[in-house]
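Engineer: Please read through the structure below; I'll follow up with questions.
The values are calculated or read from the model by the stated rules, or taken from the named source; none is laboratory data. Treat the numbers as computed from the prediction; the structure is a model and nothing was measured. Ideal geometry is used to build each Cβ from the backbone, glycine not excepted, and the neighbour counts take in all protein chains shown.
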Amino acid sequence: MKQKEIKEVITNHIDVMNSLLHKISHEFNAEDIHHFRVEVKKLRAFLRLLTAGAKPEGPLLPENLKSLYGYVGIIRNIQLHRHHLFKYLNEKKLDKPQEYFNMLEAEEDYWKKKVQELLRENNLTEKLNEQFPVKLEKFTIKKFAEEKLNALDQQLHFLKNDSIHTIRKIMKDLLYTHDYIKNSSELPEALSGKKNLKLLAIQLGHFRDKCIQLEFLSHEYIDLLKIENEKIVLNDLKQELQDEKRILVRQLTPYLNKLTEQLITEH
């Protein structure tokens, strides 16, 4: 891949991001936010690939873009949690915990204001480092894959919430750069195909969703409620989610153990 192609990939991601930002600023639609965050992840993964083995000057993404990515992520998490909560209440034929919903709405409004403040600044991507390499070399691709596999190997020994989340991030980096690295790097069988990477990323995403929902049901939220019945309803949901999370870990463990074995064999 030569410099012109490299620039085209980066420019395409930026164009899509800017288009989505215009829509987000007016509607804060969950799908638009999701697509925007995916574009940021794809761009970040590509920049990580380009700079593998090197020490780039400054951050890969502008700080205000990273902040925006985080803010809209929180908004989407609140929206999805509220959606799952409505579903749970309907299934159980329970009354809406209004005090809790008011709390979520206030938090969502806070982060929407933070997003609007950032969006009032001009082009959030204009400070993106444009020191593109002349071409993407094979040794850079191999270095990138090697770095990802080493990081993966470290995380697979500790199947806790944070490590599973980090494993998902690594999978996403490999998935989003797969078309560029598939012919120039040796990946374990479990990661060699795009289909396998997608399936594992989806499973890890389900686990992450449960973790996020549980964060909104932590003591920091529930203890602030004054209505006792709402606390009971939300604690029951919390228990159900914890059970579902344990099931997901059991489902993920065999695959992750197999991946660990393959990494040991190939290293």
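Engineer: Which condition does LEU252 not pass, out of (1) farther than 23 Å from GLU107 by Cα; (2) free of Cβ contacts under 8 Å to residues at least 60 places away in the same chain, if it passes all the others?
Structural biologist: In the conditions (1) farther than 23 Å from GLU107 by Cα; (2) free of Cβ contacts under 8 Å to residues at least 60 places away in the same chain, LEU252 misses (2) alone.
Engineer: Hey, can you tell me all the residues within segment 91-107 that are under 24 Å from the mean Cα position of the chain (by Cα) and closer than 16 Å to LYS238 by Cβ?
Structural biologist: Residue satisfying the conditions is LEU104 alone.
Engineer: Being part of a loop (DSSP other than H, G, I, E, B) and hydrophobic (A, V, I, L, M, F, W, C) is the filter here; which residues of segment 211-234 pass it? Write out each step before concluding.
Structural biologist: The first filter runs over segment 211-234 and keeps only residues part of a loop (DSSP other than H, G, I, E, B), leaving 216-218, 223-227.
Those that are part of a loop (DSSP other than H, G, I, E, B) and hydrophobic (A, V, I, L, M, F, W, C): PHE216, LEU217, LEU224, LEU225, ILE227.
Engineer: Okay, moving on. Could you tell me how many of the residues in segment 117-143 are assigned to a loop (DSSP other than H, G, I, E, B), modelled with pLDDT under 85 and among the charged types (D, E, K, R)? Step through it out loud before you land on a result.
Structural biologist: From segment 117-143, those assigned to a loop (DSSP other than H, G, I, E, B) are 120-134, 136-137; that's our starting set.
Among the residues that remain, those that are also modelled with pLDDT under 85 are: 120-134.
Filter once more, keeping what is among the charged types (D, E, K, R): 120-121, 126-127, 130.
Residues in segment 117-143 being assigned to a loop (DSSP other than H, G, I, E, B), modelled with pLDDT under 85 and among the charged types (D, E, K, R): 5 in total.
Engineer: Filtering segment 85-121 down to residues that are among the charged types (D, E, K, R) and within 18 Å of ILE212 (Cα to Cα), which residue is surrounded by the fewest Cβ atoms within 10 Å (Cβ to Cβ)?
Structural biologist: Initially, segment 85-121 is screened for residues among the charged types (D, E, K, R), giving 87, 91-93, 95-96, 99, 105, 107-109, 112-114, 117, 120-121.
Still in the running and within 18 Å of ILE212 (Cα to Cα): 87, 105, 107-108.
Values: LYS87: 10, GLU105: 12, GLU107: 16, GLU108: 18.
Checked segment 85-121; the qualifying residue surrounded by the fewest Cβ atoms within 10 Å (Cβ to Cβ) is LYS87.
Engineer: Let me ask something else about it. Being more than 15 Å from ILE164 (Cα to Cα), surrounded by fewer than 15 Cβ atoms within 10 Å (Cβ to Cβ) and in contact with a Lys or Arg (Cβ under 9 Å, 6 or more places away or on another chain) is the filter here; which residues of segment 194-231 pass it?
Structural biologist: Hits for segment 194-231 are LYS194, SER218, ASP223.
Engineer: Being of a type in the set (A, V, I, L, M, F, W, C), surrounded by 13 or more Cβ atoms within 10 Å (Cβ to Cβ), at pLDDT below 85 and part of a helix (DSSP H, G or I) narrows it down to one of LEU237, LEU191, LEU252, LEU175, so name that one.
Structural biologist: Details: LEU237 fails: at pLDDT below 85; LEU252 fails: at pLDDT below 85; LEU175 fails: at pLDDT below 85.
Step by step, each of LEU237, LEU191, LEU252, LEU175 is checked, and only LEU191 is of a type in the set (A, V, I, L, M, F, W, C), surrounded by 13 or more Cβ atoms within 10 Å (Cβ to Cβ), at pLDDT below 85 and part of a helix (DSSP H, G or I).
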